[in-house]
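To start, the structure itself, in structure tokens.
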Amino acid sequence: MPCYARVLFLLLCLILIGECRKHKSRKKRWSAPAETHKEGNPLSKKVVDGTKTRKVKTSHLLRIDDHDFTMRPAFAGPAVPVGVDVQVESLDSISEVDMDFTMTLYLRHYWKDERLAFPSATNKSMTFDGRLVKKIWVPDVFFVHSKRSFIHDTTTDNIMLRVFPDGHVLYSLRVTVTAACNMDFSRFPLDSQTCTLELESYAYTDEDLMLYWKSGDESLSTDDRISLSQFLIQKFHTTSRLAFYSSTGWYNRLYINFTLRRHIFFFLLQTYFPATLMVMLSWVSFWIDRRAVPARVSLGITTVLTMSTIITGVNASMPRVSYIKAVDIYLWVSFVFVFLSVLEYAAVNYLTTVRDGKDRKLREKVREQTLPCTCDMSHARTMMLDGTYSEEDSNSLAGYTRASMAAEDASEKQERMVVHLALDNESTGTKKKGIRSFRIIQKSHTIDTYSRMIFPGSYILFNLIYWCVYC
């Protein structure tokens, strides 16, 4: 029995020793002491960075509570240089009616604030979100002539603050801004527009804050995928100058300039081609018979109303400017051509009506001013000395043949001849004058013949001059 007891005692001791060793190994793993290496080992000794430890708070590390950040850096000293660069993410819209544009961009500020310097052996910078921005000093840059602007907040405020050990600060935010753009529509829609986004400090003059482009023209970068439906983006560039306010002084102002050229194809399809087709359609009336009054009148009125609709539709999408636009010149000249085609038929119809009236009066006057002597002959065989016949005479003489006339002797011919004697010389002169004017009026249809050449020729000449001037 004593032997068995000793064996059991030894086993218990071994078990206890094993459990103690396991417990010590767990302690070592969770405490994670610094690793040590033998001399000559290529691995260097790992140094603990104070900025990564959880025990140090941001306010303690940056010493925020030790300084008054309501004042700018180097207060009462030289102006604080604040560099700016911008990355344009998108041009959302261009509005001709409101004369403004909407742009989404990344706005970045660079400056040095020695109050934010902190010791760090290996970490180059510390990055924070927008919560720290309210505790330190940041430049008060705003957009001049902006109508609306906001900082994106999905899923959190799109604000980033990066502080370097030497006190340099990078402050970046994502902004969408709608700003005014003074547009000139005198060449619309063959125009180019230059819009400007202006940045300026709201409170600090040039004696306190010097705002500048950090890398010159390279401070402005754009996305190659930016495109607009109506415009072609030609050029982005930056400028800067001083702005003066009579009550506060001089301020540094930065400009983002971009030039837009309008695409013409949309307006060719929606405005120019329909207007040209309406003008050409109005010329069809020149080939329609001048007696077809309903056809020519309805065609003219239809083209006039269509041109009025096109002009109204174009002006509805444009601001009410007090000067003439290029599209107005084209549309109104086209409208004048259509309207003149209606007036042309009005003139032709009027002259035709006057001719018919004078023809009727002339025949009645001729009949009243003649003294027919039938000499016991029937009225069907009367004839005028001047060789012309009245309508009734020509109808009655239709069956009168030369054979029957040849069979008659000279005495019978003399008896059957009718001599129309004029009442007086004045009535004879009036008759000749009426016949002359009747012949002129009878050629009123020649107006249509000339219009077939004059209207198209004039419109083609106008188009050549118009496109040479504005293109």
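With label points built 7 Å along Cα→Cβ from the Cα atoms of Ile288 and Lys361, find their separation and express it in nm.
3.0
All other residues with a Cβ under 12 Å from the Cβ of Arg261 taken together, and with Lys, Arg as +1 and Asp, Glu as -1, what is their net charge?
That works out to +2.
Holding the Cα-Cα limit at 29 Å, pick out from Lys214/Lys325; Lys147/Lys235; Lys124/Lys235; Lys135/Lys235 the pairs that are longer than that.
Violating the 29 Å Cα-Cα cut-off are Lys214/Lys325; Lys124/Lys235; Lys135/Lys235.
At a 1.4 Å probe radius, which order do Lys325, Lys214 fall into by accessible area, largest first?
Correct descending sequence by accessible area is Lys214, Lys325.
Accessible area of Cys471, 1.4 Å probe, to the nearest 10 Å²?
My reading of the accessible area for Cys471 is about 110 Å².
Place the peptides 357-365, 88-96 in order of packing, highest mean first, counting for every residue the other Cβ atoms within 10 Å and averaging per peptide.
Averaged packing, sorted descending, gives the order 88-96, 357-365.
Would you mind calculating the gained length between Ser125 and Ser149 on full extension (0.36 nm times residue separation, minus the Cα-Cα distance), in nm to one decimal?
Full extension of this stretch gives 5.6 nm more.
Return the loop-located trypsin sites (Lys or Arg not before Pro) in region 94-202 (DSSP other than H, G, I, E, B) with at most 13 other Cβ atoms within 10 Å of their own Cβ; answer none if there are none.
Answer by residue number: Lys124, Arg131.
Keeping all protein chains in position, work out how much accessible area Met278 exposes to a 1.4 Å probe, and write it in Å² to the nearest 10.
Accessible surface of Met278 is approximately 40 Å².
Take Arg261 and Val297, extend 7 Å from each Cα along the Cα→Cβ direction, and tell me the distance between the two endpoints in nm.
5.1
Rolling a 1.4 angstrom probe over the protein chains, ignoring ligands and nucleic acids, what is the accessible area of His237 in square angstrom, nearest 10?
Result for His237: roughly 60 Å² accessible.
His168 versus Ile17, label points 7 Å from Cα toward the beta carbon: distance in nm?
That separation, rounded to one decimal, is 6.2 nm.
Give me the net charge for the shell around Glu200: Cβ to Cβ below 14 angstrom, other residues only, Lys and Arg +1, Asp and Glu -1. Walk me through the numbers on the way to the answer.
Numbers: positive: Arg241, Arg253; negative: Asp140, Glu198, Asp206, Asp208.
Here the charged neighbours net out to -2.
Find which of Val97, Phe244, Val133 sits farthest along the positive direction of the dipole of region 58-262, computed with +1 on the beta-carbon of Lys and Arg, -1 on that of Asp and Glu, about the Cα centre.
Val133
On the accessible surface of region 145-262, probed at 1.4 Å, how many percent belong to carbon and sulfur atoms? Please report the intermediate quantities before stating the final value.
On the way: 2880 of 6300 Å².
Exposed carbon and sulfur together represent 46 percent of the surface.
The values are calculated or read from the model by the stated rules, or taken from the named source; none is laboratory data. Being a predicted model, the structure only gives us computed values, none of them experimental. When we count neighbours, we look across all protein chains shown, and the Cβ atoms used for this are built from the backbone with ideal geometry, even at glycine. Remember, those area values only see protein heavy atoms, side chains included, never the ligands or the DNA or RNA. Shrake-Rupley method; radii C 1.70, N 1.55, O 1.52, S 1.80 Å.
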